[in-house]
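Shown next, in structure tokens, is the structure this report addresses.
The values are calculated or read from the model by the stated rules, or taken from the named source; none is laboratory data. Predicted, not measured: the structure shown is a model, and the values here were computed from it. With ideal geometry, Cβ positions are generated from the backbone for all residues, glycine too; neighbour counts draw on all protein chains shown.
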Amino acid sequence: FASPVLPGRETIAFPMFSFFVEHNTSQKLIMFDLEMRIDPQNLAPSLAGFYTSGGAFVTGESKDITELLQDGGIPLTSIDTAEILIDSHFDHIGDMSKFPNSTNLVIGPGTNNVTFPGSPDAILLESDFVGHNITELDFSARNLTFSGLKAIDFFGDGSFYLLNTPG
């Protein structure tokens, strides 16, 4: 993954963040970013082989985001949107299949179709999408900018903006 490997730097710790958002007016609950799966051997085949062949990534968590939510008293059925998949890299997708079908999935505009099931290089699994309502964000449908970036006012009240950033 990274070379040369320096002595004492055989592994790299990357912090993983997931954001639980509660919209007071509508009472909608959203999970923004689902972190990396804690069982990388169950990633899509294009990625799982990296881990099983001694890849450099090691997960430090013993629970995934769904378990942490439930431990915190948040039933998964209460989550309206479980993923705003702006960045479809393996360290942001979690295990979307653990959320009930009532949970919406939101993806970024033009999300690379190579990442989707059916592609030999897919990083997403069919089980991540089955039964979920999927919405692709369309920043061009709105004439809104925030700090010079195209934006979407997700709740329509100025409380939560999604920005279309490069990369």
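Of note:
- Residue among SER62, SER140, SER53 that is exposed (fewer than 14 other Cβ atoms within 10 Å of the Cβ), at pLDDT below 70 and over 12 Å from the mean Cα position of the chain (by Cα): SER53
- Restricting attention to the stretch 1-29, the residues being assigned to a strand (DSSP E or B) and touching a residue at least 60 places away in the same chain (Cβ under 8 Å) number 1.
- Residues in the stretch 13-38 that are at pLDDT 80 or above and charged (D, E, K, R) were compared, and the one that is surrounded by the fewest Cβ atoms within 10 Å (Cβ to Cβ) is GLU22.
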